[in-house]
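Take a look at the structure below.
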Amino acid sequence: MTQTNKTRTTDTRQQILTTAQQIILGKGFSAVGLNEILKAANVPKGSFYHYFESKEQFGNALLEHYFAQYITTVDKQLKTDKRPAVERLLAYFEQWKANQCDDTSMDRCLVVKLSGEVTDLSEAMRLTLKQGTQQVIERLSVCVQEAIDKREINANYDAKTVTQEIYYLWVGATLMTKVNHTPAALEIAMKATQNRLGLTDNNE
């Protein structure tokens with residue numbers, strides 16, 4: 001295969017994944033047919049298996065694609081700058097809340113959308129979800145530890161444990177936002193996060 005053909009294949013594969021992510025965020029994994037994705041991506045029918053061995057392998061690639069993009073975004077949001085670490089951390093969750101309240105956002109949580117659906121169907125996809133969420137937690141934990149080290153929050157906290165508690169809280173709140181069709185659960189999650197970090201009114 002020439003370099004040009006390799007590039008074209010990679011571009012088409014990425015186009016399929018990007019298009020599929022938007023559709024699956026709305027409909028879920030099992031409910032979406034391959035033909036619908038290929039049509040939306042403007043890729044000829046019958047060519048799917050040129051890029052993916054199976055729908056399961058495609059689903060796993062979709063999650064890897066999602067986490068690769070998401071981790072890059074998280075790194076940018078949490079990177080060290082002039083802002084205090086706790087401010088960067090809260091800004092991350094404010095952006096999370098904004099994304100989940102925007103039905104058109106590509107940054108809505110695919111973890112919440114697919115976890116309950118695919119973890120019993122595909123071990124490979126379950127492991128990718130597990131590994132991806134662990135990477136997110138690790139990055140958040142670094143920011144929490146920085147806030148502890150700089151005495152922006154209570155120094156008695158174990159950074160990893162607190163980060164896991166907060167992350168799981170937000171995943172659950174995102175699910176309840178979908179159930180209730182209101183952002184109330186995310187607003188509660190934000191207040192609970194601030195309380196868990198021991199922030200005073202002056203820090204909010």
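Miscellaneous remarks
- The magnitude of the dipole of the range 46-117, with charges of +1 and -1 set on the Cβ of Lys/Arg and Asp/Glu and taken from the Cα centre, is near 300 debye.
- With the highest mean first, a sort of the peptides 55-64, 78-87 on other beta-carbon atoms found within 10 angstrom per residue produces 55-64, 78-87.
- Estimated 222 nm signal from helices in the chain, with DSSP H stretches of n ≥ 4 weighted -39500 (n - 2.57), rounded to 500: -24000 deg cm²/dmol
- Modelled label positions at A68 and A31, each set 7 Å beyond Cα in the direction of Cβ, lie 2.8 nm from each other.
- Ranking N60, I153, L89 by Cα position along the charge dipole of the range 59-203, where only Lys, Arg, Asp and Glu carry charges on their C-beta atoms, puts I153 farthest toward the positive end.
- Proximal charge balance of I148 [Cβ under 12 Å; K/R count +1, D/E count -1]: -1
- Lysine pair count for the range 59-203 with Cα-Cα distance under 17 Å and sequence separation of 8 or more or different chains is 9.
- Rounded to the nearest 20 debye, the dipole magnitude of the chain is 460 debye, with +1 charges on Lys and Arg beta carbons, -1 on Asp and Glu beta carbons, and the Cα centre as origin.
- As a rough footprinting exposure proxy, the listed residues M125, M190, M176 were ranked by other beta carbons within 10 Å of their own, and the order from fewest upward is M176, M190, M125.
- With R₀ set to 35 Å, the beta-carbon distance separating K82 from Q131 gives a calculated FRET efficiency near 0.60.
- Folded to 0 to 90 degrees: helix 3-27 orientation relative to the chain principal axis, Cα: 60
- The simple spin-label model puts a point 7 Å past each Cα toward its Cβ; for V171 and Q15 those points are separated by 3.4 nm.
- A simple count of charges around G33, restricted to other residues whose Cβ falls under 12 Å of its Cβ and scoring Lys, Arg +1 and Asp, Glu -1, yields +3.
- Segment K178-S47, extension gain: residue separation times 0.36 nm, minus the distance between their alpha carbons: 43.7 nm
- Loop-located trypsin sites (Lys or Arg not before Pro) in the range 99-201, at most 14 other Cβ atoms within 10 Å (DSSP): K150, R151
- Put in order of Cβ neighbour count within 10 Å, fewest first, the listed residues T12, T73 become T73, T12.
All of the numbers you see were taken from the coordinates with simple rules; none came from a lab. Please read these numbers as outputs of a predicted model, since none were measured by experiment. Cβ coordinates were reconstructed from backbone atoms using ideal geometry, including for glycine residues, and neighbour counts include every protein chain displayed.
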